[in-house]
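S.K.: A single structure is presented below for examination.
The values are calculated or read from the model by the stated rules, or taken from the named source; none is laboratory data. Since this is a predicted model, take the numbers as computed values, not measurements. Virtual Cβ from ideal backbone geometry, glycine too; neighbours counted across all protein chains shown. Only protein heavy atoms, including side chains, enter the accessible area calculation; ligands, DNA and RNA are left aside. Shrake-Rupley method; radii C 1.70, N 1.55, O 1.52, S 1.80 Å.
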Amino acid sequence: MNSVLGKLIQKEFGRNKYKIYCNKLDQKECMDIFCDIYLELHRISEENLSDRLLCLLRTVQLSVKISQIFFYITVGFLAAILTISMIPVLLEIKAVGIGALTLMYFYKLAEYMRNRYCDRDVRLVLIYKTALFHLLSEEGK
């Protein structure tokens, strides 16, 4: 499971390139990644580069939003658990309700953890952003 930033890099460059970039990051070969991304983006028109930048910005916003709303998800989860436990219904119904809520919460927790602690994907996105900005500033001249 990848973060939304990792999914963006895979969408833009392919799963194989993503794995290669991850290996190069582990070997501290960031300049190789930059050159590869730069050369690949250099073949793309300015309009498509602008679209890619917009997609990058939206993905980064989504990643930040996932982190920001997790607090509210946790508060909602706790409130729902308290509410279910206070309602006078059969114990089996309470167990099913709490179980379903717990499964959903763990899904959101996993999503949060993937997006919060994705240092490798953040570094790849920063390299991608730098290459995009560099090409767009060259095109604007």
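S.K.: Taking the conditions exactly as written (open to solvent by less than 80 Å² (accessible area, probe 1.4 Å) and more than 30 Å from CYS35 (Cα to Cα)), does GLU92 satisfy them or not? Even if it seems obvious, please write down each step before you answer.
M.R.: On the way: open to solvent by less than 80 Å² (accessible area, probe 1.4 Å): no; more than 30 Å from CYS35 (Cα to Cα): yes.
Here the answer is no, as GLU92 does not meet what is asked.
S.K.: Assigned to a helix (DSSP H, G or I), over 28 Å from LEU5 (Cβ atoms) and open to solvent by 90 Å² or more (accessible area, probe 1.4 Å) - does that describe any residue in segment 95-104?
M.R.: Among the residues of segment 95-104, at least one is assigned to a helix (DSSP H, G or I), over 28 Å from LEU5 (Cβ atoms) and open to solvent by 90 Å² or more (accessible area, probe 1.4 Å), which makes the answer yes.
S.K.: With respect to LEU56, is the statement that it is surrounded by 13 or more Cβ atoms within 10 Å (Cβ to Cβ), in contact (Cβ under 8 Å) with a residue 60 or more places away in the chain and under 19 Å from the mean Cα position of the chain (by Cα) true?
M.R.: Numbers: surrounded by 13 or more Cβ atoms within 10 Å (Cβ to Cβ): yes; in contact (Cβ under 8 Å) with a residue 60 or more places away in the chain: yes; under 19 Å from the mean Cα position of the chain (by Cα): yes.
Yes.
S.K.: Tell me, please, whether a residue that is open to solvent by 30 Å² or more (accessible area, probe 1.4 Å), more than 22 Å from ARG116 (Cα to Cα) and not in a helix (DSSP H, G or I) can be found in segment 7-25.
M.R.: No, segment 7-25 has no match at all.
S.K.: Taking into account only those residues within segment 44-57 that are of a type in the set (D, E, K, R) and at pLDDT 90 or above, which is nearest to LYS129 (Cα to Cα)?
M.R.: Of the residues in segment 44-57, the ones of a type in the set (D, E, K, R) are 46-47, 51-52.
Checking which are at pLDDT 90 or above leaves us with 51-52.
Values: ASP51: 13, ARG52: 10 Å.
Out of the qualifying residues, it is ARG52.
S.K.: Tell me yes or no: at least one residue of segment 67-80 is out of contact with any strand residue (DSSP E or B) (no Cβ under 7 Å at 6 or more places or on another chain) and closer than 26 Å to LYS19 by Cβ. Before you say what the answer is, go through the steps one by one.
M.R.: Taking segment 67-80 as the starting set, the residues that turn out to be out of contact with any strand residue (DSSP E or B) (no Cβ under 7 Å at 6 or more places or on another chain) are 67-80.
Still in the list and also closer than 26 Å to LYS19 by Cβ: 67.
Yes; the residues of segment 67-80 include at least one that is out of contact with any strand residue (DSSP E or B) (no Cβ under 7 Å at 6 or more places or on another chain) and closer than 26 Å to LYS19 by Cβ.
S.K.: Looking at (1) open to solvent by 70 Å² or more (accessible area, probe 1.4 Å); (2) touching an Asp or Glu at 6+ places or on another chain (Cβ under 9 Å), which is the one condition that is false for ASP32?
M.R.: All conditions pass for ASP32, except number (2).
S.K.: Among (1) over 25 Å from GLU111 (Cβ atoms); (2) part of a helix (DSSP H, G or I); (3) not β-branched (Val, Ile, Thr), there is one condition LYS28 misses while meeting the rest; what is its number?
M.R.: Every condition holds for LYS28 apart from (2).
S.K.: State all residues of segment 70-89 that are more than 25 Å from ASN2 (Cα to Cα), open to solvent by less than 50 Å² (accessible area, probe 1.4 Å) and within 23 Å of the chain's Cα centre (by Cα); if no residue qualifies, say none.
M.R.: Within segment 70-89, just GLY76 meets the criteria.
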